[in-house]
Amino acid sequence: FTLIISVLAVTVLSMKGVSNRYTKCATHGIIWPVFIFLLVLAWILGTLFLVTSLTGSDFCVQPDFNILSWLRRNEDIFQSAISHLIVYYVGGCKQFPQDVDAIFRNVTAAANKALGQVNQAQHLLSNFSDENIASVCGYDNAAAIALKHGINIGNSTIYALYGVFGGVCGILECKTISPIYTNLVHDAVCMNAVNGLTWLFSTTTLFALFSTTMFCLRAAMYPVKLPG
């Protein structure tokens, strides 16, 4: 806005024949270079917004199909399980990947086995006093107490890790990830982002068009007079 007012002020001064070293310095050294730079930048940004908007519109005709095609072409970039899991979410959660399901089953089995062994050790040690543990294992009382305490900590830690794993499994469920994907791709990208880019293109192009018109009118009505 300030730049436009400055250009109009220079035009008015030219109409009234006001010309001195200060107006020439401001006009040729500041106002017109900045104006031309912003004008060129507006055309560049308008073109960029147009190309991006058209690309987004083409992508959003079939966003799920386009994402699945890209994932299948670049499957070697991701680990197999991760790639299959992403395809599962994008494809509408039709069939859970077998390799991911096998990983979950193996982790669950390992956690259950470790938890069972720790529980067995804790139950076994709870039937003995500290003195009995020290005499059987060849420890002193402090070491026996530390052993029982370590078993209890291990049991609590495995329970906590098992709970965390259960929480991760809950997060990875389709009912959790699918709404996030839908809101991100279908709503945020294909609706809001594309519409926003269209508005940006329109406003930037109008700014560039009117600025170019003003620049041409200024040059046509009040041409630069060369000395001599």
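Read-outs throughout are calculated quantities, based only on the coordinates presented, and are distinct from any laboratory measurement. On a predicted model such as this, the values are computed, not experimentally measured, just so you know. Counting neighbours? That spans all protein chains shown, and the Cβs are built from the backbone with ideal geometry, glycine included.
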Check your understanding: Want the number for SER156 to ILE5: 0.36 nm per residue separation, take away the alpha-carbon distance, what's left?
Key -> 47.2 nm
Practice item. Between ILE82 and VAL34, take the C-beta separation as r, use R0 = 45 Å, and let me know the FRET efficiency to the nearest 0.05. Key: 0.35
Review point. Gain in length, GLN98 to VAL189, computed as 0.36 nm per residue apart minus the alpha-carbon separation, to one decimal in nm?
Key: 29.7 nm
Exercise for review: Round to the nearest 0.05 the FRET efficiency obtained for ALA143 and VAL164 when R0 = 30 Å and r is the Cβ-Cβ distance.
Suggested key: 0.45
Study note, to complete from the structure: Protection proxy (average C-beta count within 10 Å per residue), highest first, orders 93-106, 52-65 as 52-65, 93-106
Practice item. Grab the beta carbon distance between LEU48 and ASN74, set R0 = 25 Å, and tell me the FRET efficiency rounded to 0.05. Key: 0.50
